[in-house]
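Okay, so here's the structure we're looking at.
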Amino acid sequence: MKQLAQLFYSFFKIGAFTIGGGYAMIPLMEKELVDRRQWIDKEDFMDTMAVAQAMPGIFAVNMATQIGQRLRGLRGAIVAVLGNILVPILIIIGLAIFFHQLRGNAVVEAIFKGIRPAVVALIAVPVFTLAKTAKISWRNCWIPIVAALLIYLLGVSPTWIVLAAIAGGMLYGYLKNRKEGAL
């Protein structure tokens, strides 16, 4: 029961103190779950992130579900998700109730403009961490850059980018195995 309370509290803190959505939560989740609580190691955390990204639904909820389930089964998953979503839901309800009063408020607009750079930084940190873990170096960083440019500048569907990446990875693996077999 104590670990369920700790699990709820940890995900409550993560949900309460993260502005910017699921990806902005990654540094806080890693610090709390990997470094502070040591419930999972860095490699398991990265694997969990990969699965959470691939699953449909909200990234932060997917992370909480997987980690809670791994630690305490179904109860752990439920407790982690409730802890993770409680504060954001209360904030959304509060904003919905008072939205008409906040709309156009110069102070509120200034606060959100001030938060934007911090959100960008919170999202950039996990991108660099993931790139390092995925062994993306200066030699092969052109791949995500070209993919982003194709999507942004030419309007290429991300689906085609993913399919091209799969085909390219398969071709690379085939050629690499063929070359190693020839040696």
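The values are calculated or read from the model by the stated rules, or taken from the named source; none is laboratory data. Here the structure is a predicted model, which means the values were calculated and not measured. Cβ: placed from backbone, ideal geometry, glycine included. Neighbour counts: every protein chain shown. These accessible areas exclude ligands, DNA and RNA; they are computed on the full protein's heavy atoms, side chains included. Shrake-Rupley method; radii C 1.70, N 1.55, O 1.52, S 1.80 Å.
Out of (1) surrounded by 15 or more Cβ atoms within 10 Å (Cβ to Cβ); (2) over 19 Å from the mean Cα position of the chain (by Cα), the odd one out for Asn84 is which?
(2)
Restricting to the stretch 146-159, count the residues that are open to solvent by 80 Å² or more (accessible area, probe 1.4 Å) and more than 22 Å from the chain's Cα centre (by Cα).
2
Would the stretch 116-124 turn up any residue that is more than 22 Å from Lys2 (Cβ to Cβ) and of a type in the set (Lys, Arg)?
There is at least one residue in the stretch 116-124 that is more than 22 Å from Lys2 (Cβ to Cβ) and of a type in the set (Lys, Arg).
Residues in the stretch 133-160 that are part of a helix (DSSP H, G or I), farther than 17 Å from Lys31 by Cα and not small (Gly, Ala, Ser): how many?
Within the stretch 133-160, residues that are part of a helix (DSSP H, G or I), farther than 17 Å from Lys31 by Cα and not small (Gly, Ala, Ser) number 14.
Output the residues belonging to the stretch 92-108 that are open to solvent by 90 Å² or more (accessible area, probe 1.4 Å) and part of a helix (DSSP H, G or I).
Ile92, Ile97, Phe98, Phe99, His100, Gln101, Val107
Okay, residues lined up against (1) surrounded by 18 or more Cβ atoms within 10 Å (Cβ to Cβ); (2) over 11 Å from the mean Cα position of the chain (by Cα); (3) within 13 Å of Gly22 (Cβ to Cβ):
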residue: Asp35; (1), (2), (3): no, yes, no
residue: Asp44; (1), (2), (3): no, yes, no
residue: Thr48; (1), (2), (3): yes, no, yes
residue: Val51; (1), (2), (3): no, no, no
residue: Ile58; (1), (2), (3): no, no, yes
residue: Asn62; (1), (2), (3): yes, no, yes
residue: Gln69; (1), (2), (3): no, yes, no
residue: Gly73; (1), (2), (3): no, yes, no
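Answer yes or no as to whether Gln6 is open to solvent by 80 Å² or more (accessible area, probe 1.4 Å) and polar (S, T, N, Q). Quick ask: steps written out before the conclusion?
Working: open to solvent by 80 Å² or more (accessible area, probe 1.4 Å): no; polar (S, T, N, Q): yes.
No: the conditions fail for Gln6.
Tally the residues that are more than 19 Å from the chain's Cα centre (by Cα) and open to solvent by 60 Å² or more (accessible area, probe 1.4 Å), restricting the search to the stretch 111-145.
Within the stretch 111-145, residues that are more than 19 Å from the chain's Cα centre (by Cα) and open to solvent by 60 Å² or more (accessible area, probe 1.4 Å) number 8.
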